[in-house]
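Presented below is the structure to which this report refers.
The values are calculated or read from the model by the stated rules, or taken from the named source; none is laboratory data. Here the structure is a predicted model, which means the values were calculated and not measured. Cβ coordinates were reconstructed from backbone atoms using ideal geometry, including for glycine residues, and neighbour counts include every protein chain displayed. SASA here: full protein model, heavy atoms, side chains in, ligands and nucleic acids out. Shrake-Rupley method; radii C 1.70, N 1.55, O 1.52, S 1.80 Å.
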Amino acid sequence: MSIIHSPRQETISREELEQLQIERLQSTLNRAYRNVAFYRSAFDSHGVHMEQIKDIRSLRDLPFTTTEDLRRSYPYDMFAVPLRDIVRIHSTAGTTGNPIVVGYTRNDLRNWTECAARLLAAAGITEHDVVQIAVDYNLFPGAFGFHQGAEQIGASVIPTSLTTSIQRQIAIMKDYKTTALVTTPGYAINIAAGLEELQVHPERLQLKLGLFGGERWSDDLRAQLEARLHVVSIDTYGPTEVMGPGVAGECRMRHGLHINEDYFIVEVIDPKTLEPLPSGQEGELVFTTISREGFPLIRYRTGDITSLDISPCSCGRTFARMSRVTRRTDDMVFFHGLGFFPSQIEAILREVLGNTPHYLIIIDREAGVDRLEIQVEITEKIPSLDEIKTLETLRARVTRRIKALLDIEPVVSFVEPRSLRQSAGAPSRVVDRRLG
Ligand SMILES: [Zn+2]
């Protein structure tokens, strides 16, 4: 069991929490309306009247904010305070357009540190820990959030970076007696491989905890990391636009990530109808910040797919828990009016074939009729008739499983080994020819 960093807040009753949320929401809305032209015109065109926002339910009367809205405000148009009150600036990468620039006031930094400290304490970190942060200290807020939070708790912080060599990371880990590693899951697996290569057995390290975040990671990868690094792994969540690390994180129960609900109001919406969904149902996560001064967000659509559990956790915390994010709305594929994710196809292939093959989902329109094909790479060449029969059985099994679970009927075909490999960049799992 871990120590609750701020017990009064983190174990608040839902009734008391909602009271606090509505008060903070009202003042956020007033400030956003007064100081940010975007919100003023969005509220006006939606006929929003501040005096009508009396309880949490009335949140649904407010318009959404999208990533595109934030990009268009580049660099400072979303700031709700003058630049002289901003003490820190971070930004997103902006690989597909303008970056989103995020400003923090002194109070914002203090609140961020508090949120991150809660998350680290929930993970089990105390003043006795040595925390190695292998995240870059740059425009991204990642490293800073964890750094501030760990210092607040009183742990010993070792700031490293993703460009530090793996060999050096391992030497630091060994010599400085690191007990907790904070990094991305992708980098953690490189460290695990490095340990094996250098023949450093994890037993010889003091490492016991891994906090991973910043990218989506599967349960498979999680099991691998725990086995190869000998750590308990903790998932963390914190988009840059919303604040950075500290928004949400797992406690030691690891049944969802506790969201710091005294700083954020969360909703889960149907990404197609945009209607709020009841807790427990899966949909797109939407954030409203209720304490941020520099960069308030009203009903910001994250694109991340999750579900909420508002029942109190056995760790004692009452803040809602979100399920681990493994999918986004922007990779959702719509076919015959139904939505599914490539990751769901992948899970079925893994279940039937016993491994995760390379695959490609192709959607075509022939004479006005949509057709879904799934090409699956076989691992070896098909030499004999027996194996062709086996493939035929597998093909039928995959098709049946997809029909049963997703209610869609694909054409499944097996293709030669290495015919689907991507040459460079992120692998695209979907080719949609309906778009022209
Ligand atoms: Zn908990």
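At a 1.4 Å probe radius, which order do Ser413, Ser156 fall into by accessible area, largest first? Mind dumping the intermediate values first?
Numbers: Ser413 30, Ser156 60 Å².
I get Ser156, Ser413, largest accessible area first.
As a check on your grasp of the helix formula, calculate [θ] at 222 nm for the chain: sum -39500 (n - 2.57) over DSSP H runs of n ≥ 4, divide by the residue count, round to the nearest 500.
Calculated at 222 nm, the ellipticity per residue is -10000 deg cm²/dmol.
Over all Cα atoms in segment 192-245, the spread is summed up by Rg and Dmax: 13.2, 41 Å.
Dipole of segment 89-247 computed with +1 at Lys/Arg Cβ and -1 at Asp/Glu Cβ about the Cα centre; of Gly210, Ala188, Asn107, farthest Cα towards the positive end is Asn107. Taking all protein chains as they are arranged and a probe of 1.4 Å, the heavy atoms of Val412 leave approximately 10 Å² accessible to solvent.
Within the listed set Leu119, Leu29, Leu338, the residue fluctuating most in the Gaussian network model of the chain (springs between alpha-carbon atoms under 10 angstrom) is Leu338. Extending 7 Å from Cα along the Cβ direction at Arg228 and again at Asp331 yields two label points whose distance is 1.9 nm.
Within a straight-line Cα-Cα reach of under 12 Å, Lys54 can be paired with the following aspartates and glutamates, leaving aside sequence neighbours fewer than 8 residues apart in one chain: Glu18, Glu23.
Each Lys or Arg adds one and each Asp or Glu takes one away; over the other residues whose Cβ falls under 13 Å from the Cβ of Asp262, this sums to 0.
Taking 0.36 nm per residue of sequence separation and subtracting the Cα-Cα distance, how much length would be gained by fully extending the chain between Ser413 and Ser343, in nm to one decimal?
Full-extension gain reported as 23.4 nm.
When the Gaussian network model of the chain links Cα atoms closer than 10 Å, the mean-square fluctuations of His255, His46, His230 top out at His46. Modelled this way, with points 7 Å down the Cα-to-C-beta line, the labels at Thr11 and Ala367 are 6.9 nm from one another.
The alpha-carbon of Lys389 sits under 30 angstrom from the alpha-carbons of these lysines, leaving out residues fewer than 8 places away in its chain: Lys381, Lys403. Within the accessible area of the chain, the carbon and sulfur atoms contribute 50%, probe 1.4 Å, all protein chains present. Here the dipole of segment 17-171 is about 240 debye; that uses its Cα centre as origin and unit charges on the Cβ of Lys and Arg (positive) and Asp and Glu (negative). Applying Stokes-Einstein at 25 °C and 0.890 mPa s to the Kirkwood radius of the chain, computed over alpha-carbon pairs, gives a translational diffusion coefficient of 103 µm² s⁻¹.
Projecting label points 7 angstrom from Cα along Cα→Cβ for Glu197 and Ser428 puts them 3.2 nm apart. Net length available on complete extension from Gln26 to Tyr176 is 49.2 nm, with 0.36 nm assigned per residue and the Cα-Cα distance removed.
Taking a straight Cα-Cα cut-off under 20 Å and skipping sequence neighbours fewer than 8 places away in the same chain, the lysines within cross-link reach of Lys177 are Lys208. Solvent-accessible surface of segment 171-313, taken per residue with a 1.4 Å probe and all protein chains present: 36 Å².
Which whole-number percent gives the relative contact order of the chain, counting Cα pairs below 8 Å spaced six or more residues apart? Across the chain, relative contact order equals 13 percent. Taking 0.36 nm per residue of separation and subtracting the Cα-Cα distance, full extension of the segment from Gln167 to Ser58 would add 33.8 nm. Largest GNM mean-square fluctuation across Cys251, Cys315, Cys115, computed for the chain with C-alpha springs under 10 Å, falls on Cys315.
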